[in-house]
Amino acid sequence: MTQTPVAEKQIDRAATSQEALVLGAKSGQQGFTLLEMMIVLVILGFLVGMIAPNLLSRADDAKVSVTKAQMRDVVTSLNLYKLDNGSFPSTAQGLQALVSEPSGFPEAKNWKKGGYLPKQPQDSWGNEFIYISPGSSGNYDLLSLGADNAEGGEDDAADIAATDLQ
């Protein structure tokens, strides 16, 4: 059975129409225009500008929370040290007395083999905690200087003291 030229043209038109529907474009239209691309980039830039600061502040908040948790561990270790040895380590002995047996005064009479902490404690920014004994507010002062590692500051750069823990 042979097809007439009219039938062949109808089949070609139907195939072309189906291809256009499948491709989702009218003939002659390809890709995005420069204006469409610029609009998409502006929208993406706006979204990044709105979301990025929130994500960064959460990272800072997390570091403060982790530092407070680490500080609680140090406070617990200091209390265990005092129970075993009768006093807190001196300022000269420092927090290293929780890691390795200290020398000097006050003597660590019953220092626990293996120590009270596995390593010298640091805050979330990689700085050692400041330990002073006797302290201005009790048996000792324990603090982190925050993200800026300087006294004072605000937000994540604010000092964190053991007396502020709850």
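Of all residues in region 87-103 being of a type in the set (A, V, I, L, M, F, W, C) and not in a loop (DSSP other than H, G, I, E, B), which is nearest to residue 139 (Cα to Cα)? If we take residues in region 87-103 being of a type in the set (A, V, I, L, M, F, W, C) and not in a loop (DSSP other than H, G, I, E, B), then 95 is nearest to residue 139 (Cα to Cα).
Only one of the numbered conditions (1) over 20 Å from the mean Cα position of the chain (by Cα); (2) free of Cβ contacts under 8 Å to residues at least 24 places away in the same chain is not met by residue 127, and that is (1). Taking (1) assigned to a helix (DSSP H, G or I); (2) surrounded by fewer than 18 Cβ atoms within 10 Å (Cβ to Cβ) in turn, residue 67 satisfies each apart from (2).
Residues that are in contact with an Asp or Glu (Cβ under 8 Å, 6 or more places away or on another chain) and in a strand (DSSP E or B) occur at least once in region 140-151. Hey, among the residues in region 126-139 that are crowded, with 17+ Cβ neighbours inside 10 Å and part of a loop (DSSP other than H, G, I, E, B), which one's modelled with the lowest pLDDT? So, considering only residues that are crowded, with 17+ Cβ neighbours inside 10 Å and part of a loop (DSSP other than H, G, I, E, B), the one modelled with the lowest pLDDT is 133.
Please work out if residue 78 is hydrophobic (A, V, I, L, M, F, W, C), surrounded by 15 or more Cβ atoms within 10 Å (Cβ to Cβ) and either out of contact with any helix residue (DSSP H, G or I) (no Cβ under 6 Å at 6 or more places or on another chain) or in a helix (DSSP H, G or I) (or both). Judged against the criteria, residue 78 is a match. The condition of being in contact with a Gly (Cβ under 9 Å, 6 or more places away or on another chain), free of Cβ contacts under 8 Å to residues at least 24 places away in the same chain, polar (S, T, N, Q) and surrounded by 13 or more Cβ atoms within 10 Å (Cβ to Cβ) does not hold for residue 120.
The values are calculated or read from the model by the stated rules, or taken from the named source; none is laboratory data. For clarity, every value in this text was computed on a predicted model and none was experimentally measured. Note that each Cβ is placed from the backbone with ideal geometry, even for glycine, and that neighbours are counted across all protein chains shown.
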